[in-house]
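What follows is one structure encoded as structure tokens, with my remarks underneath.
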Amino acid sequence: MPLRRRRESDLLNVHFITAEGEKVAAQAEPGARLLEVAQNAGMPLEGTCEGQMACSTCHVIVAPEWFAKLPSASMEEEDMLDLAAGVARTSRLSCQIELTPDLDGIEVRIPGVSRDMQIG
């Protein structure tokens, strides 16, 4: 059985808005974590705990029209968001967002403030 090559049309579109208001477009394969996509697009998200939900350095603010399409945050994620700087009603940890075809075109904002958990 030959390996199927991924076509560009199979990729999902992700739109980041930096703290300065710059729009940055990226593409990702379904199943990718938003944190990895953001880092690959040059967004300043640390992800200090490498997706183990032990920090809030990958905090993003999801556009309201996309927030409702995400699975609900776990209690652990909510606890970590309590520690994040600049939290909004539609805040999420990008390490907990797995991209699916339903999220093609998602827009997320990078907060203007962040907290490096390694230095407090």
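Sort through GLU22, GLU77, GLU65, GLU50 and tell me the only one that's closer than 19 Å to GLU98 by Cα, of a type outside the set (S, T, N, Q), open to solvent by 90 Å² or more (accessible area, probe 1.4 Å) and at pLDDT 95 or above. It would help to see each step written out before you state the result.
Values: GLU22 fails: closer than 19 Å to GLU98 by Cα; GLU77 fails: open to solvent by 90 Å² or more (accessible area, probe 1.4 Å); GLU50 fails: at pLDDT 95 or above.
So the residue among GLU22, GLU77, GLU65, GLU50 that is closer than 19 Å to GLU98 by Cα, of a type outside the set (S, T, N, Q), open to solvent by 90 Å² or more (accessible area, probe 1.4 Å) and at pLDDT 95 or above is GLU65.
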Total residues in segment 27-46, condition open to solvent by 10 Å² or more (accessible area, probe 1.4 Å) and under 13 Å from ARG92 (Cα atoms): 3
Report the residue count in segment 39-85 for those that are of a type outside the set (Asp, Glu), in contact with a Lys or Arg (Cβ under 8 Å, 6 or more places away or on another chain) and farther than 20 Å from ASP104 by Cβ. 9
Tell me, yes or no, whether segment 27-38 has at least one residue that is polar (S, T, N, Q) and part of a loop (DSSP other than H, G, I, E, B). no
Just to be sure before I move on: is ILE106 under 19 Å from GLY21 (Cα atoms) and either touching a strand residue (DSSP E or B) at 6+ places or on another chain (Cβ under 9 Å) or of a type in the set (A, V, I, L, M, F, W, C) (or both) in the structure I sent? yes
Count of segment 90-101 residues which are under 17 Å from ALA25 (Cα atoms) and in a helix (DSSP H, G or I): 2
Of the residues VAL60, VAL113, only one is at pLDDT 95 or above and either open to solvent by less than 80 Å² (accessible area, probe 1.4 Å) or among the aliphatic types (A, V, I, L, M) (or both); which? VAL60
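Report whether or not MET53 is touching a strand residue (DSSP E or B) at 6+ places or on another chain (Cβ under 8 Å), over 15 Å from GLY112 (Cα atoms) and in a loop (DSSP other than H, G, I, E, B). If you could, list the steps in order and put the result at the bottom.
On the way: touching a strand residue (DSSP E or B) at 6+ places or on another chain (Cβ under 8 Å): yes; over 15 Å from GLY112 (Cα atoms): yes; in a loop (DSSP other than H, G, I, E, B): yes.
Answer is yes for this residue.
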ALA84: passes all of (1) open to solvent by less than 90 Å² (accessible area, probe 1.4 Å); (2) modelled with pLDDT of 95 or more; (3) not in a strand (DSSP E or B) but (2)
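The values are calculated or read from the model by the stated rules, or taken from the named source; none is laboratory data. Please read all numbers here as calculations on a predicted model, not as lab measurements. Neighbour counts are summed over all protein chains in view; Cβ atoms, including those assigned to glycine, are modelled from backbone coordinates with ideal geometry. Note: accessible area is taken over every heavy atom of the protein model, side chains too, but ligands, DNA and RNA are not part of it. Shrake-Rupley method; radii C 1.70, N 1.55, O 1.52, S 1.80 Å.
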